[in-house]
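Have a look at the structure below before the remarks.
The values are calculated or read from the model by the stated rules, or taken from the named source; none is laboratory data. Worth saying up front: this structure is predicted, and the values here are computed from it rather than measured. Glycine also receives a Cβ, built like all others from the backbone with ideal geometry; neighbour counts cover every protein chain displayed. Heads up: the accessible areas ignore ligands, DNA and RNA and are worked out on the full protein's heavy atoms, side chains in. Shrake-Rupley method; radii C 1.70, N 1.55, O 1.52, S 1.80 Å.
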Amino acid sequence: MSALRKTIRDRLGRIYANTTPAWAYNPTMLAIRNGLLLALPLVMAGSIALLLNNLPVPAYQQAMESLFGPGWRTFGATVWNGTFGVLALLMLYSISQHLTLHHNQQHPLEPISPIITALVSFACLVIITPAADGAGLAAKWTGAGGLFVSIVTALLATRLFLALARSRFLHFSLYAEGADSAIPQAFSCLAPGIATIFVFAFIRLFFDAFTGSSVHQALHDLILYPFSLFQDALGTSAAYVLICQLLWFVGIHGANVLDPVTHQFYELASQENLAALAVGLPMPHTITKLFLDVFVYMGGAGSSLCLLAALLIASRNNGSRKLAQISLLPGVFNINELLLFGLPVILNPVFLIPFILVPLVLACSSYLVIYLGIVPGPSIIVDWTTPPIISGYIATGSMLGSLLQCFNLVLGTAIYIPFVRLSDRIKANRLKTAMSGLMEVACGNTVSLSGKKCLDREDEIGTLARALASDLQTALRTGVGLCLEYQPQINHITGRVIGAEALVRWRHPAYGPIPAPVMVAVSEDGDFIGPLGEWVLNEACAERRRWHDKGLDDAFEISVNVSVLQLDDVMLPRKIDACLKKHDLPPYMLGIEVTESVALAPDTIHNQTLHAIHRLGIGVSIDDFGMGHSSLLYLKHFPVSTLKIDKVLSKDVENDHTCAEIITTIVDLCHTLHVDIVVEFIENQEQITLLRELGCHIFQGYFFSKPLPGEQLLDYANRTNAQADAASAWALPHAT
Ligand code: C2E
Ligand code: MG
Ligand code: MG
């Protein structure tokens, strides 16, 4: 049985994982989703304003009135006017912008200003929007009521404008004089802009002349039409819930778009119920707006309070749990935008089924219980921001109302839980794939036209890289999650630990440990390898100081990796010097290892910086010698004191004769030039035996020790050195 369950789960997981990219990454879908996503601060500001004005706590309402007077709601109302009141315009703007940015990515040589596109779309929307009593836009259509038309207009006007702007016939070029690129841009958009606006003016005229109503009214009627097909209340409600959820799912604020339906059917039903009650008659409707708000949409669309609970109970994904914690407070007051966009539920096929199923099931279970007379129907109006459990009690005047809400919460949560688990598994797999892709990119040498390895990629690797770059900058500011580990280097002749390499480590709060090459690649791409390097240098020097204070011998060198890009900074030698002084360390206790992502060139600033560092008395090693760009000419041009032989040569040395030959050549040359050699990636005794025969004797690798935290490294060094000293004392000729 459990094997069957596992198979089904695996199959579902695979299907979901494979279907996502095909349609969820469609530019139109993404534009709609991101349109609302980018307007999230405004949506949240509007929601908070609503909550402030309608918090269902009488003591709060009285306190506000006594503090700020009877007009205390003006603040919230003005915020609402500037956000939800113009939601249709905001959506239009952000969808147009998003589509244009996508167009510009596809056609980098013919970019179009997103501002011009948004302005043209705005003009088109204003043209087709009916006026309010002959003056200004009708407020009815600028807010949630006009959302659907604004989305359609944004898509059509933007696509039309972009298509016309790319057409050669409408192109009107004007060469830029000086550096002002705005003039040719505006001129090249002249004809397409006029044409797009005129098309929408014709649409307006057409509607005025032939339908006698506006585009808005026509679409409004179209939305209402399917609902008129259902004769029974349950069928209408099921269609309402289904369509509302589907709209939400593609990123359209379902409740807002269906506002006309809500008003037409469910608000009127609520009012008819109240009127019947007032004259002592039984309530004619079971399903009303109140019914939906109280028993179905607990937490908002998708009965998202159940999703919140499921995440808190079942999710093992740090990011999802954190999001659930942040969304809990607004969620209790039925504001769920943070959760829906943050998870993200929108366009996420994993949540499609429960997102539709839970409200449908809850609507049916509540209808049944009320129809059978087990729980009284809701009859007292409660504000939609009233938290569930309380709202059930107030609306029905009975504890049974709260009990039904509890039952619904448990039922909805139980339906969501398997999908939350599935989502966790898919997220983990995707992260694993993206991380290994990013690791490959980070370790490779391929860069884009703009010279970046990963940050400007458009795939999931790029998305992950950008998220990591931003989080790493935060980690650098706070120091949270960052630390160094140290890998010992052993002189095999004396058996002593002669130094240690400092290696940066970062435990991301959501993704766990991030490989060092990935950190380096994103910070090189993001131009903050300098601050990362300075953080590492400071930590390493502080650790070396602690080791010194605990008696580690002076000859022990701590080596710090320095990216070639850090050598662009002419101030680097001074910064290193200042760091040594800050921790009161002599320069010979520090070494740097130049790790190459780009080739070192002799006649560049890199070489000057390296010489300045060398003059401070600090040892310079060339890291990963044998791979990438490194060449023996480095020994001629750069002030090199050590070469670190890379794994490509050392790993297979006992099986690959060519590797052994190359190492012999390097050893000969280095002996002549008095350059030390450290061999990395020592994992077994056979490697050591052969490398000793080839003339190498300083080793680093898992055979001796993995990188260790500072304290443990000190213990390791003390223990190993004590054993080496004891062994050499034993080997000395004994006095007779
Ligand atoms: P690297 O400087 O060549 O460091 C050696 C890497 O090989 C380390 O990986 C170490 O853990 C790993 N290693 C050492 N011995 C063995 C072994 O025997 N077997 C295996 N499988 N691995 C071994 P790590 O820490 O992941 O670092 C990878 C690279 O990231 C480093 O290569 C270095 O290029 C870069 N890096 C690490 N820390 C820093 C830093 O603070 N700054 C800069 N710029 N680069 C750094
Ligand atoms: Mg290194
Ligand atoms: Mg190395």
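Remarks
- Hey, residue 529 over 30 Å from residue 321 (Cα atoms) and in contact with a Phe, Trp or Tyr (Cβ under 7 Å, 6 or more places away or on another chain) or not: no
- Of everything in the range 673-687 that is in a loop (DSSP other than H, G, I, E, B) and surrounded by fewer than 16 Cβ atoms within 10 Å (Cβ to Cβ), the residue that is modelled with the lowest pLDDT is 674.
- Which numbered condition residue 507 fails, given (1) surrounded by 19 or more Cβ atoms within 10 Å (Cβ to Cβ); (2) not in a helix (DSSP H, G or I): (1)
- Filtering the range 535-565 to residues that are open to solvent by 20 Å² or more (accessible area, probe 1.4 Å), away from ligand 1 (no atom under 14 Å from the Cβ) and in contact with a strand residue (DSSP E or B) (Cβ under 6 Å, 6 or more places away or on another chain) leaves only 557.
- Close pairs (8 angstrom Cβ cut-off, 6 or more residues apart or separate chains): away from ligand 3 (no atom under 16 Å from the Cβ) in the range 490-506, among the hydroxyl-bearing types (Ser, Thr, Tyr) and open to solvent by less than 60 Å² (accessible area, probe 1.4 Å) anywhere: 495/720; 496/720; 497/716; 497/720
- The criterion of being among the aliphatic types (A, V, I, L, M) and under 21 Å from residue 43 (Cα atoms) holds for residue 118.
- The residues of the range 586-601 that are open to solvent by 20 Å² or more (accessible area, probe 1.4 Å) and either at positive phi or more than 13 Å from ligand 1 (Cβ to nearest atom) (or both), listed by number, are 586, 587, 588, 599, 601.
- The residue that is nearest to residue 721 (Cα to Cα), among those in the range 486-525 that are within 15 Å of ligand 2 (Cβ to nearest atom) and of a type in the set (S, T, N, Q), is 489.
- Neighbours by Cβ (under 9 Å, 6+ apart or cross-chain): first from the range 45-69, assigned to a loop (DSSP other than H, G, I, E, B); second of a type in the set (S, T, N, Q) and surrounded by fewer than 17 Cβ atoms within 10 Å (Cβ to Cβ): 55/61
- Against the list (1) of a type in the set (S, T, N, Q); (2) over 23 Å from residue 538 (Cα atoms); (3) within 14 Å of ligand 1 (Cβ to nearest atom), the condition residue 672 fails is (3).
- One residue stands out among those in the range 477-524 that are away from ligand 1 (no atom under 14 Å from the Cβ) and charged (D, E, K, R): the one that is farthest from residue 698 (Cα to Cα), which is 477.
- Boolean, residue 610 is aliphatic (A, V, I, L, M), within 16 Å of ligand 2 (Cβ to nearest atom) and more than 30 Å from residue 552 (Cβ to Cβ): no
- Checking residue 522 against (1) open to solvent by 20 Å² or more (accessible area, probe 1.4 Å); (2) closer than 25 Å to residue 472 by Cβ; (3) touching a residue at least 40 places away in the same chain (Cβ under 8 Å), the condition it does not meet: (1)
- Hey, residue 484 in contact (Cβ under 8 Å) with a residue 60 or more places away in the chain and of a type in the set (A, V, I, L, M) or not: yes
- Against the list (1) away from ligand 1 (no atom under 16 Å from the Cβ); (2) part of a loop (DSSP other than H, G, I, E, B); (3) open to solvent by 70 Å² or more (accessible area, probe 1.4 Å), the condition residue 702 fails is (1).
- Residue ID - nearest to the chain's Cα centre (by Cα), chosen from residues in the range 105-118 that are part of a helix (DSSP H, G or I) and modelled with pLDDT of 85 or more: 114
- Of the residues contained in the range 652-672, one or more are found to be within 43 Å of the chain's Cα centre (by Cα) and open to solvent by 20 Å² or more (accessible area, probe 1.4 Å).
- Each residue in the range 471-504 was checked for being open to solvent by 50 Å² or more (accessible area, probe 1.4 Å) and of a type in the set (A, V, I, L, M), and 3 of them qualify.
Here is a yes/no grid of residues against (1) in contact with a His (Cβ under 7 Å, 6 or more places away or on another chain); (2) exposed (fewer than 14 other Cβ atoms within 10 Å of the Cβ); (3) under 19 Å from residue 662 (Cβ atoms):
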| position | (1), (2), (3) |
| --- | --- |
| 567 | yes, no, no |
| 571 | no, yes, no |
| 577 | no, no, no |
| 612 | no, no, no |
| 622 | no, no, yes |
| 631 | no, yes, yes |
| 643 | no, no, yes |
| 646 | no, no, yes |
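- If the condition is being within 13 Å of residue 563 (Cα to Cα), in a helix (DSSP H, G or I) and of a type in the set (Asp, Glu), then the range 527-550 contributes only 534.
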